[in-house]
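Working notes, structure below.
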Amino acid sequence: MSSIIARRRHPAAGYAAVAGGLVVVGVLYSTLSGGGASAAAPAQAQTQIAQGKSLFEDSCSSCHGLDAQGTSQAPSLVGAGAAAVYFQMSTGRMPAKELGAENDRKPTDFTTQQIYAIAAYVASLGGGPAIPSAAQVSTAGADTALGDELFSTNCAQCHGFAGAGGALTYGKTAPALDASTPTQIYTAMLTGPEAMPVFGDGTVTPAQKRDIIAYIIDTRNEPNPGGLSLGRTGTVTEGLVAWLGGLGFLVLIAMWLTAKRRHRPGSESQK
Amino acid sequence: MSEDAVKIPQALGGVGGWFDDRFHGARGLRVLMRKVFPDHWSFMLGEIALWSFVILLLTGTYLAMFFVPSTNQVIYHGSYVKLDGIRMSEAYQSTLNISFDIRGGLLIRQIHHWAADLFMVAIMAHMLRVFFTGAYRKPREVNWLIGIVLFTLGMLEGLFGYSLPDDQLSGAGLRIFEGVLQGIPIVGTYLAFFLFGGAFPGNSIVPRMYIIHVLLIPGLILALITAHLFIMFHQKHTQMPQYGNTERNVAGQPFWPYFMLKGQAWFFFIFGCLVVLSTFAQINPIWLYGPYTPLAISSASQPDWYMGILEGSLRIMPSWEINFLGHTLTMSVLIPFVLPLGIIFTGAALWPFFEQWATGDKREHHINDRPRNAPVRTGTGVAAICFYGVLWAEGANDVLADKLDVPLYTITWIARIAIFVVPIGAYFVTKRICLGLQKHDSSMLTHGVEIGIIRQLPDGAFVEEERPLTEVERAKIDSKKVPLALPGPGEPDENGVPAPGSRGVMGWARGVANRAFTETVAVPDGHGNGHGHEAIEGEGEHAAVGAGDSGEGGEHGAGDH
Amino acid sequence: MSELEEPARRHRKVGTPSPTPSAVDTQTEEEASSVEAAERQSLDPPDKKHAQNAERLVAALFLLAFVAGCGFIAAYVGLEVGSSATPAGANVVDAVFRSNLALGLSLAVALLALGTGSMIWVRHLTPDIEIEEERHELRSSPADRAAFQHEFAEGAAITQVTKRPLLRRTLLIAGAPLALAPLVLLRDLGPLPGTSLRHTVWRKGLRAVTLGGLNPLRPGDFQPGSMITVIPEGFQDNDDALAKAGVILIKFEPGQLNFPDRYQGSTLVASMNWTIDNTIVAYSKICTHVGCPVALYEETTHHILCPCHQSTFDATNGAWVIFGPAARPLPQLPLMLDSDGYLAAASDFTQPVGPSFWERG
């Protein structure tokens, strides 16, 4: 102790004190708060729906209401279905951090098992579209040409011809599709999250959804044979590169080409 | 004369003689060899366009060996398996073949498209250089007009060129083109049906665009480029206002061998730059767009950059339509189609003549102006750039909204206000900046150049030491020429008769313009202000650079000042 | 001074003071020949050592260009593309990527090496010679002009055209139809529009099928918030028909869709009676601005947005224009259920679809 006190005027003393305080607070917080994962502890004794219910009450009910009936801040989830929950939570959009603003994809704090539990609970309240199985989202044998046709007609106007995203009105955007999993794409089409329209199985059949997913996956994995993709947003970036890269480079070369020649010492003085 | 500096091989000499026997070439070729091309980097911008055009011709010919200009529908079973089974036109299929099945095909396709973009970039940069240095003045007005026509032809050529593959993006552009044509009063529907051979899309547009793109417009461009170069050759290039450059000389290195070597280097650099772009920057990936279908569209659909101003005009316009007597006048479409480009091209075409009218300056000009010495011209040019630029940016409004996180409609509203405010503001700001730079120049004439040595005077004050300008520096500053102040509107001359050009509304307008053009900063020693130079026509002395004395236009020799 | 006389050699950098003019103007014979000798010497670059180094550098660059050029040919021969490059399952895009990179890189290196070499050659291996030409008067001499005028007038007089108005006028008249002939030939470029812009292929009972999947639709296939593009059954390969007949179907919650009957003149152009159960509505997918597919539908705001120029239509209000350059709402297609319960058109559109035109009304 005295050795600590003896060093109290050391230049690094202040930093050490702050660091120590942070460590203490952090340890206390994590011990006392329990975090989202602590609910796993008694899970073995509960059914999935019951687990989902308790998770829901912790994380969702403050906006969506204790029975998911909706409040002024968030819509009712009765009838929304497991697919909607899966999409919103696995992309990290829910739980929403801000009300009203468009929710962007973020890393999620929940495990897949927890998401399935909450989804099962919400589904139990009023039915709704189910989470597709692995077979339903498999792209094996899919028709990417039909997928291209369907994507161009129903998706590209918002998400861009190559899934690079696009602007909507009032600050909303249709996100890029580079990070979505097949299940997320499927459930997004099925449930029409936020501004996205619903593409139910009646209008876009499950097989057609697989074709679209295959098209999206193929396109985003495809290399760009012509060089850098320039964002796959089309001609705007191309024009920028032509002016800055093309003209800019050539102007510098032109300046070199026409620069006054240096005369070396010892050469005939050409005056 | 003395013996030749290099021994010409006998074979070469023999061939030369054979041709000379038939074509009398020695004298003319001597003129060519001695031709002087002044050196300034900004004089090389037009050549970028020239060499890009040559590269377009070469790569275009190669592509034409493989491209099929037909909208006959086929089912694709080629090597790009993602689209296997899809219905597409033969034009699109042949473009896929070029990209994926021909070695070097994608490279040549990309070089062709980058060269088209660079061609237009170079034309615009060259045009701006010519404008800001006043190189369009007499005797070069016709060349300026030819240049504007070349710019227009280039835009059309590019539009048809990128629409040939019949992909989703360019097809949407064609749809817009057809919709705009359709809206033209009285003849619109006929024009649209005649061009497309019927309703949109029809089967005729691709073959027709093809022949316009590979034969008609390239022929016109080639003819106009030849005329453009010949005129430049015959009138000799302008020069920058530098020591030793006068209105009566052209100083620089001779064509043979300097300009040939530099031209060769420049060609390789331009071509090399295009190949670098085509290797590392993907352009027009039509396989990602997919074949054209009339009911699909992508976000971020823009035409190539040089059509962006039209796109922005269409986006900025609020909705307006006039219905009367069973007819519809769709102003939402007609105003964007006609007004912005009309203003810019008509304004550009008329500018040399407007300037002559406003300044009364009918002399030949072979020495360029420094932009700061022509504040009205420079201000107007910057205002035009801002006008063009606002519309160009608005054409990309959804991309800007997405990337910059600004709401979509907000960008349009900003553009709607900026299109009026920014050019006007830019004119005034630029003009003031020019006058400020002129002031700096004239203070340099009076005080000299600061040399970075600070001296403390006995009384404690600090001054920076200065040195007088060298002849070279002085020549550059002295090159300023102020336009003649015309008589005021309706002002009578010594016989009591007002000049004809100064009467009436046009006279008043001319007076306003003239006063704007003659606003300048006084140069010390009374040089170049007020006295001006008389409007001299025909044979007469042309004022030389640095001719400080008014109106007498003598040669400025060393030690003469 | 004609262009062909020996131009004054300045032997100076541009921008440095010139020698006093008298030195050039008043050369004597001896001075002239010694200048000549000096000129012959000065055809070489000034600094021999530096020039040698420059030559080596340029040579190296040219050799690099040679190697790169050979590389281009090798890459062309060695790297395949297309089906021959891709055994089953492999991706042709990878092969094209490699080929493009190899060909492009080698060509670029060759060209840039040639360019750099040429540049260094001209800047470091040549003497810095400058010359000056005099500009000649562009305007012809008065004597030339007068002679031209005189001879032109003579020729014109010989033709008698000024003295014989009958000749002149009949020549002009003769030329007029021939001048018009090329324009006349353009008539068969296309059919006259007639009334074709006023109609689409939709007819009573013609089923709507999804584009791509070609599935007919029943009301139960929709959920509130659905949007789907449909086309008339059987016309999926007819692009001319599709370019006017594409339709978007949107389903709402009951009560959301609500607008009064709208008329253009005496023609009904929008009506809740044309919907299915007041919840499913059909609008033309062809934007009334300049004809792009107006495809963005925002479920939360019920706005239909055209991505081309941001014309925005309120889907709950008969596609009324709320922003952007479009001047008219999207035409509504009357819907009905056919005998099997599938969605079909109840009639064609009651107004022309797509961009406005002069004769539209």
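Write down Rg/Rh for chain C, rounded to two decimals, with Rg from the C-alpha atoms and Rh from the Kirkwood relation over Cα pairs. Numbers along the way, then the final one.
Details: Rg = 38.9 Å, Rh = 30.3 Å.
Taking Rg over the Kirkwood Rh, I get 1.29.
Report, ordered by chain and residue number, the aspartates and glutamates lying within cross-link reach of residue B:476, taken as a straight Cα distance under 13 Å and ignoring same-chain residues fewer than 8 apart.
B:369, B:441
Once label points are set 7 Å from the Cα along Cα→Cβ at both residue A:9 and residue B:24, what is their separation, rounded to one decimal in nm?
10.5 nm
Leaving out ligands, DNA and RNA, what percent of the accessible area of chain B is carbon and sulfur, probe 1.4 Å?
67 percent
What residues qualify as long-range amide H neighbours of residue B:484, i.e. H under 5 Å apart, gap of 5 or more or another chain, H built at 1.01 Å from N?
B:533
Over both sides of the B-C contact, add up the buried accessible area with a 1.4 Å probe and give it to the nearest 100 Å².
9300 Å²
Roughly how many nanometres apart are two label points built 7 Å out from the Cα toward the Cβ at residue C:180 and residue A:18?
9.1 nm
Threshold 50 Å², probe 1.4 Å: give the residues of the stretch B:297-318, in number order, that are less accessible with all protein chains present than with their chain alone.
Buried by 50 Å² or more upon assembly, which counts only protein chains, are B:297, B:298, B:299, B:315.
May I have the extent of the alpha carbons of the protein assembly as shown along their three principal axes, as whole Å values ordered from largest to smallest?
Principal-axis extents of the protein assembly as shown (Cα, largest first): 116, 116, 74 Å.
For residue A:1 and residue A:62, what does the FRET efficiency come to when R0 = 51 Å and r is the distance between their Cβ atoms, rounded to the nearest 0.05?
Working: r = 46 Å, r/R0 = 0.90.
The computed FRET efficiency comes out at 0.65.
Accessible area, 1.4 Å probe, largest first: how do B:332, C:141, A:90, A:2 sort?
Result of the area sort, largest leading: A:2, C:141, A:90, B:332.
For the stretch A:138-194, what does the convex hull of the Cα positions come to per residue, in cubic angstrom?
Output value, Cα hull per residue: 88 Å³.
Find the accessible area per residue for chain C; the probe is 1.4 Å, ligands and nucleic acids are left out, and the unit is Å².
So chain C comes to 48 Å² accessible per residue, rounded to a whole number.
Report the accessible area of residue A:115, computed with a 1.4 Å probe over the heavy atoms of all protein chains in place, in Å² rounded to the nearest 10.
So the heavy atoms of residue A:115 present about 10 Å² to solvent.
Is the shape of the stretch C:73-189 rounded, prolate or oblate, going by the alpha carbon gyration tensor and its root eigenvalues a ≥ b ≥ c, with a/c under 1.5 for rounded and a/b larger than b/c for prolate?
oblate
How large is log10 I(q)/I(0) at q = 0.13, 0.16, 0.20, 0.23 Å⁻¹ when the Debye formula is applied to the Cα atoms of the stretch C:48-125, each weighted equally and without solvent?
-0.51, -0.63, -0.80, -0.92
Full extension from residue B:509 to residue B:339: what is 0.36 nm times the residue separation minus their Cα-Cα distance, to one decimal in nm?
58.9 nm
Compute a Gaussian network model of chain C, connecting alpha carbons closer than 10 Å, and tell me which residue from C:229, C:126, C:350 fluctuates the most.
Of C:229, C:126, C:350, the most mobile in the Gaussian network model is C:126.
Return the lysines within reach of residue B:362: Cα separation strictly under 18 angstrom, same-chain partners fewer than 8 residues apart disregarded; answer none if there are no such residues.
B:138, B:480, B:481
Return the residues of the stretch C:115-156 for which accessible area with all protein chains present is lower than in the chain on its own by 50 Å² or more; set the probe to 1.4 Å and exclude ligands, DNA and RNA.
C:118, C:119, C:122, C:123, C:128, C:131, C:133, C:135, C:137, C:138
Chain pair C, A: how much accessible area is buried, both chains summed, with a 1.4 Å probe, in Å² to 100?
Summed over both sides, the interface buries about 3900 Å².
Run the accessible area of the stretch C:48-125 with a 1.4 Å probe and give the carbon-and-sulfur part as a rounded percent.
Looking at the stretch C:48-125 in its full context, I get 71 percent from C and S.
Hey, what angle do you get for helix C:92-124 against the long axis of chain C, alpha-carbon based, 0 to 90 degrees rounded to 10?
Taking the Cα atoms of chain C, the angle to C:92-124 is about 30 degrees.
Tell me what the protein assembly as shown gives for mean residue ellipticity at 222 nm when only DSSP H runs of n ≥ 4 count, each as -39,500 (n - 2.57), the sum divided by the residue total, rounded to 500 deg cm²/dmol.
Result for the protein assembly as shown, helices only: -15500 deg cm²/dmol.
What are the principal axis extents of the Cα atoms in chain B, in Å, biggest first?
Taking the Cα atoms of chain B, the three principal extents are 88, 77, 60 Å.
Can you list the equivalent-ellipsoid semi-axes of the stretch B:312-458, largest first and in whole Å, using the square root of 5 times each Cα gyration tensor eigenvalue?
Three semi-axes, in Å: 42, 24, 11.
In degrees, nearest 10, range 0 to 90: what is the angle between the Cα axis of helix C:165-185 and the longest Cα principal axis of chain C?
Tilt relative to chain C: about 60 degrees.
Please give the per residue volume of the convex hull enclosing the alpha carbon atoms of chain A, rounded to a whole number of Å³.
Values: hull volume 84.0 nm³, N = 271.
Residue-normalised Cα hull volume stands at 310 Å³.
Which percent of the accessible area of chain A is formed by carbon and sulfur heavy atoms (probe 1.4 angstrom)?
Summing carbon and sulfur atoms, their accessible area is 62 percent of the total for chain A.
Given axes a ≥ b ≥ c from the Cα gyration tensor, I'd like to know whether the stretch C:199-360 is rounded (a/c under 1.5), prolate (a/b larger than b/c) or oblate.
rounded
Just tell me, in residue order, which DSSP H segments of chain B are both 18 angstrom or longer along the helix axis (alpha-carbon based) and at least -0.5 in mean Kyte-Doolittle hydropathy.
On the way: long enough: B:10-23 (19 Å, -0.15); B:45-64 (28 Å, 1.69); B:105-132 (40 Å, 1.12); B:141-163 (34 Å, 1.22); B:168-182 (21 Å, 0.51); B:217-235 (27 Å, 1.67); B:260-280 (30 Å, 1.61); B:331-359 (38 Å, 1.34); B:375-395 (30 Å, 0.80); B:408-447 (54 Å, 0.74); B:504-518 (21 Å, 0.21).
Helices meeting the span and hydropathy rule in chain B are B:10-23, B:45-64, B:105-132, B:141-163, B:168-182, B:217-235, B:260-280, B:331-359, B:375-395, B:408-447, B:504-518.
For the stretch B:326-453, with every protein chain kept in place, what is the accessible area per residue (1.4 Å probe, Å²)?
42 Å²
Need one word for the stretch B:250-345: rounded, prolate or oblate. Basis is the Cα gyration tensor (sqrt eigenvalues a ≥ b ≥ c); a/c below 1.5 gives rounded, then a/b vs b/c decides.
Since a/c reaches 1.5 but b/c is at least a/b, the shape of the stretch B:250-345 is classed as oblate.
What pairs in A:209/C:251; A:172/C:244; A:260/B:236 have C-alpha atoms more than 27 Å from each other?
Details: A:209/C:251 20 Å; A:172/C:244 30 Å; A:260/B:236 22 Å.
From A:209/C:251; A:172/C:244; A:260/B:236, over 27 Å: A:172/C:244.
Can you return the aspartates and glutamates within cross-link range of residue B:82? Criterion is Cα-Cα under 19 Å, with same-chain partners fewer than 8 residues away left out.
Within reach: A:143, A:148, A:149, A:178, A:211, A:218, A:222, B:90, B:101, B:166, B:167, C:94.
Want the number for residue B:324 to residue B:439: 0.36 nm per residue separation, take away the alpha-carbon distance, what's left? Let's see the in-between values first.
Working: separation 115, 0.36 × 115 = 41.40 nm, distance 5.77 nm.
Using 0.36 nm per residue and subtracting the Cα-Cα distance, I get 35.6 nm.
The values are calculated or read from the model by the stated rules, or taken from the named source; none is laboratory data. For clarity, every value in this text was computed on a predicted model and none was experimentally measured. Using ideal geometry, Cβ is built from the backbone for each residue, glycine included, and neighbour counts are taken over all protein chains shown. In case anyone asks, the SASA skips ligands and DNA or RNA and just uses the protein heavy atoms, side chains included. Shrake-Rupley method; radii C 1.70, N 1.55, O 1.52, S 1.80 Å.
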